[in-house]
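The values are calculated or read from the model by the stated rules, or taken from the named source; none is laboratory data. All figures in this text were calculated on a predicted structure; none of them were measured in a lab. Note that we place each Cβ from the backbone using ideal geometry, even for glycine, and neighbour counts take in every protein chain shown. Just so you know, the surface numbers come from the protein's heavy atoms only, side chains and all, with ligands and any DNA or RNA stripped out. Shrake-Rupley method; radii C 1.70, N 1.55, O 1.52, S 1.80 Å.
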Amino acid sequence: MKIAFIGGSFDPIHYGHLILADQLACEAGLDKVVFVPNFISPNASHSMKASAEHRYRLIELAIAGNDRLGLSDIELRKGELCFMDEDMKALRSEYPDDELYVVCGQDAFLRIEKWHNYESFLSENKFLIGKRPGSDTRAMFALLKELLQRFRALSVEFFDIGGMDISSYVIQNKLKAGKSVRYLLPEPCIEYIKEHRLYGSLVPRLREFVRANVKPDRFRHTEGVVNTAVKLAVRYGADPEKAEIAAWFHDAFRSAGNLEHGPLAAEKIQELFGVDDPEIIEAIRNHTTGHPGMSLLDKVIYIADSLEPSRDFPHVDELRKIMYADIDECLYSLMLRTREYVTGIGSSFSPVSDEAINELKEKLGR
């Protein structure tokens, strides 16, 4: 069998890695491409954000169902700092009858002389070098010419890397800021990251903050809003991750007052958690009043807050029947009933809410 090995931190693995491996298998006629996650990064300046065990599990989830992609736990078994030349020596013992290759990107190959035991590494292994279409290869071929004079048996083949500009670092930062990483890595990996609170994933931090700062009944209400908001987002095409973030924090400062808590929560999610997405901020800010020109996310959070399963008021079941059928019809009916209730108890109804109702009325042709 022809097997290629890709070493790296994979912190986390993403579609850029997977597309590279799959294309490589096709272009180089390989039987398998195997990921070798580092236990500790050989680069002293690079600090792993997730443990080796979590990164290994993420790769398992990412490659499930693709028989041409594999995974080695060789560094995890050692449980110490390893270098690729050491990994390949051990892997040659594990695969004595197979033809093995080391996968190396063009930029990494240009630094090959700084790799651990690079002379024996070059002498003992076959290399597949990835290059981006249209990239400047003059420095790489100049280095290769020099190396071939020194290492006569050097085996190097080249293949093109598809242009997918994704990095683990960007994904880490997006997760930390609560931004969407959909379509950057497989959905099972995203769920695993959330479940295990990796990379400072925002949702678990928001949940714990809310749990610590509101009463138990308010927390149960918030859970209901989150579940309803995500369902509504999926139904109508809003971003479910944004809906989940806004729903978790919408009542985080409920004690500030009926109309005051939304704007305060919008301010605090920026200050405390660095969330700068204007859609999320506005959905939190306006979830009690609505406003003219409401975004889809605004509507989702407003409705979820009012109609989550624990809410009980006259005609709530009627509103829930249309909640997933027509979002504007539901929002219009809900805001009318809210105005009727508020004015009925002698309170003043927000002028901004009146404007939103009139806008919906015109939109629906009433």
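A compact table of results
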| read-out | value |
| --- | --- |
| Distant alpha-carbon pairs in region 228-320 (separation over 20 angstrom), percent | 32 |
| Solvent-accessible surface ranking, highest first, for Met1, Met294 at 1.4 angstrom | Met1, Met294 |
| Exposure of Leu71 as accessible area (Å², to 10), given a probe of 1.4 Å and all protein chains | 40 |
| Heavy-atom accessible area order for Arg218, Arg235, Arg152, largest first, 1.4 Å probe | Arg152, Arg235, Arg218 |
| Per-residue SASA entry for Met140, accessible area with 1.4 Å probe, Å² rounded to 10 | 0 |
| Rounded D (µm²/s) - region 134-227, Kirkwood Rh over Cα pairs, Stokes-Einstein at 37 °C, 0.692 mPa s | 185 |
| Percent of C-alpha pairs per 10 Å bin, region 1-130, short to long | 12, 46, 38, 4 |
| Between region 70-88 and region 109-182, the alpha-carbon center distance in angstrom | 19 |
| Percent breakdown of C-alpha pair distances by 5 Å bin, ordered from the shortest bin, for region 133-186 | 4, 14, 17, 13, 10, 11, 12, 9, 7, 3, 0 |
| Long-range amide H partners of Tyr101 with built H, under 5 Å | Ile3, Ala4, Phe5 |
| 20 Å-binned pair-distance histogram of the chain (Cα, whole percent) | 25, 40, 25, 10, 0 |
| Relative contact order for the chain, counting Cα pairs under 8 Å that sit 6 or more residues apart, in percent | 12 |
| Compactness of region 54-124, expressed as Rg and Dmax over alpha-carbon positions, Å | 13.8, 37 |
| Cys26 accessible area, 1.4 Å probe, all protein chains in place, Å² to nearest 10 | 80 |
| Virtual spin-label span in nm between Asn117 and Phe313, 7 Å along Cα→Cβ | 7.2 |
| Probe 1.4 Å, all protein chains present, accessible-area order of Val181, Val352, largest first | Val352, Val181 |
| From phi via Karplus (6.51, -1.76, 1.60), per-residue ³J(HN,Hα) for region 250-265 in Hz, x at Gly/Pro | 4, 10, 4, 10, 4, 5, 6, x, 4, 9, 7, 6, x, x, 5, 5 |
| Percent RCO, i.e. relative contact order, over region 148-258, from Cα pairs under 8 Å lying at least 6 residues apart | 23 |
| Sequence-distant residues sharing a close amide H with Phe35 (under 5 Å, placed H) | Ile6, Gly70, Leu71, Ser72 |
| Proportion of all alpha-carbon pairs of region 315-366 beyond 19 Å (%) | 30 |
| FRET efficiency, Ser51 to Asp326 (Cβ-Cβ, R0 56 Å, nearest 0.05) | 0.75 |
| Region 181-309 - percent of accessible surface contributed by carbon and sulfur, probe 1.4 Å | 50 |
| Mean Cα-pair separation over length for region 239-366, i.e. relative contact order, pairs under 8 Å, 6 or more apart, % | 21 |
| Folded to 0 to 90 degrees: helix 216-236 orientation relative to the chain principal axis, Cα | 70 |
| Those aspartates and glutamates that a straight Cα-Cα span of less than 17 Å connects to Lys174, excepting residues fewer than 8 apart in one chain | Asp11, Asp165, Glu187, Glu191, Glu195, Asp239, Glu241, Glu244, Glu271, Asp276, Asp277, Glu279 |
